[in-house]
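Report on the structure given below.
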Ligand SMILES: Cc1cc2nc3c(=O)[nH]c(=O)nc-3n(C[C@H](O)[C@H](O)[C@H](O)COP(=O)(O)O)c2cc1C
């Protein structure tokens, strides 16, 4: 189809055309100067991927289906608690529910350690779509620090600025257990309703699979830290 969108950014443009300006600005916008909003996306561009020289690609493309009823998305949505709480409230929350409690908004080593100590089921590295404190770091730049602090004790999920399959790949390579999507889904919905949401998720999945194929990763668990190079890696290599 001639007018078929080929990536998430094209859906954003379509959503901009479809929505009243006030509504589009609410969904697409961030806090104050929108520095962190831009950085969430731009910081991904500064991480490069590294393809292996030779790799056996047998069994390629084994990502779990993301769009059917067995989808992990639904369970992640159910498991993700999205509210402003103090540390002391976590104990109380744990006392009134057996549901897994995840803390969203972790951006530092210190908070990650604290989250493990208070015994939550998982954390989400997030700056809430850059809609709160402007000039806080882009989430992809702090993911690895948080992953190291957690040390595999609980799952670390990630969101913020994911617009491409390569972004998903990079977040997984830096230790995220899963990647969550915010605005792209809204843009897909605004542009083309349910079909638009399905297309956005399918495009991200297709792009991730292509990235995995070109990087020699037959399955998600084959994506490792050695598949990406960050700004920090580049600085260290110059020392
Ligand atoms: C319109 C809008 C409203 C949001 N409201 C909240 C909120 O109330 N609490 C929260 O933790 N995150 C909120 N978020 C952030 C999202 O849950 C998610 O973390 C973020 O959108 C992911 O980044 P991305 O949009 O770049 O993918 C909101 C995001 C948008 C676009």
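Derivation of every value follows stated rules applied to the coordinates shown; laboratory data play no part. No experiment lies behind these values; they were computed from the predicted model shown. Heads up, the Cβs are rebuilt from the backbone with ideal geometry, glycines too, and the neighbour counts pull from every protein chain shown.
Of note:
- Added length on full extension, which subtracts the Cα-Cα distance from 0.36 nm per residue, residue 153 to residue 206: 16.0 nm
- Exposure proxy order (Cβ contacts within 10 Å, fewest to most) of 217, 136: 136, 217
- Computed over the range 80-239: relative contact order in percent, which uses C-alpha pairs under 8 Å that are six or more apart: 16
- Computed label-point distance, nm, for sites residue 222 and residue 45 using a 7 Å Cα→Cβ extension: 3.0
- Residue 234-residue 35 FRET efficiency (beta carbon distance; Förster radius 30 Å; 0.05 resolution): 0.85
- Stretch gain in nm, segment residue 18-residue 131, where the contour uses 0.36 nm per residue and the Cα spacing is subtracted: 38.5 nm
- If the chain linking residue 96 and residue 121 were pulled fully straight, counting 0.36 nm for each residue of separation and taking away their Cα-Cα distance, it would gain 7.5 nm.
- Take 225-235, 197-207 and order them by the average number of nearby Cβ atoms within 10 Å per residue, most first; the result is 197-207, 225-235.
- Among 24, 195, 35, the order by Cβ neighbours within 10 angstrom, fewest to most, reads 195, 35, 24.
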